[in-house]
Each structure stands twice: as C-alpha cells, then as structure tokens.
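Structure first, then comments.
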C-alpha cells in the first residue's frame with residue numbers, strides 16, 4: 001500500500017509541475033476559405049476574443065492560421081508545418097496592427113466527428129517566436145464567404 005501511495009504522490013507532483021497548455025485563451029473561432037499566394041485554395045482559422053464583422057475583421061488580439069495546403073476533407077483532417085519559409089502557410093499572433101509575432105511551428109487537427117456544417121471543431125497548437133505556446137480545443141463557426149482564387 002505504501003508503494004502505491006508513493007507512486008501516486010510522485011505522479012501527482014510531476015503532473016502538477018508540468019505546464020500542459022489546455023486553453024487557447026481565445027473563446028471565439030472562425031474558419032473560412034482563402035487563397036494561397038499562387039491563387040490556389042487555402043483555409044484560414046482565426047481565433048479571437050471579439051465577434052467578427054462583415055469584412056472578416058475580428059479586432060485584436062487574434063491568432064490567424066492560414067494553410068496553403070488544407071486537407072481535402074476537414075473531418076479527421078489535419079495540417080502542420082514548422083519553420084518560417086511559409087511554403088505551407090503562416091500563422092501570426094497579433095495584439096495590435098503593429099504588434100504581431102510569427103509562429104515557428106503549427107499543428108491543427110479537426111475532429112473526426114463534426115456537428116452541423118456551420119461549426120467545425122478540433123485542436124490547435126501554435127509555437128511562437130520567443131517560446132510562447134497557444135494550444136487547446138477550438139469550435140469554429142464556418143463562414144460561407146465565397147472565395148474566388150486564380
């Protein structure tokens with residue numbers, strides 16, 4: 001019995017001392033079609049603290065993630081990249097128009113089971129320059145704005 005309590009105490013202490021990001025800090029999320037630099041299809045996920053307006057503006061702060069190689073199917077799909085060459089997309093955290101930090105690693109996964117077509121859920125993990133990590137679940141309202149690329 002003493003061995004089990006000691007093991008339980010060690011595991012509890014280890015978990016308490018480990019920083020596990022579970023909340024993005026952004027209660028609102030939006031997903032919309034976008035265009036890649038070469039006019040191909042892209043997908044943008046925006047995490048925000050503010051409601052979006054008719055011009056796709058969400059105010060500040062916001063985390064904007066754009067994949068230029070989105071999954072063909074969102075349910076169970078994912079995209080990720082690392083580095084700053086922006087060949088697969090880009091992500092930035094902006095506290096204001098003049099204060100943005102680029103991501104060095106991005107991972108977005110969409111849940112296999114999705115509710116209505118208007119809401120898309122999943123998990124995001126973004127590592128920013130300087131070491132800050134934003135990670136956790138999201139539930140994004142899918143915006144039906146038509147995007148004409150090409």
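Values as computed for the structure displayed
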| quantity | calculated |
| --- | --- |
| At R0 = 35 Å, FRET efficiency that the Cβ-Cβ distance of residue 80 and residue 145 yields, to 0.05 | 0.90 |
| Burial ordering of 141, 64, fewest other beta-carbon atoms within 10 Å first | 141, 64 |
| Prolate/oblate/rounded call for the stretch 28-142, Cα gyration tensor, a/c under 1.5 rounded | rounded |
| Label-zone membership for the stretch 70-89, site residue 114, 7 angstrom Cα→C-beta point, backbone N under 19 Å | 70-80 |
| Ascending count of other beta-carbon atoms within 10 Å, so fewest first, for 53, 34 | 53, 34 |
| Simple spin-label estimate for residue 38 and residue 123 in nanometres, 7 Å along Cα-Cβ | 3.2 nm |
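Since every read-out is calculated from the coordinates, none of them should be taken as a lab result. All values derive from a computational prediction rather than experimental measurement. Cβ coordinates were reconstructed from backbone atoms using ideal geometry, including for glycine residues, and neighbour counts include every protein chain displayed.
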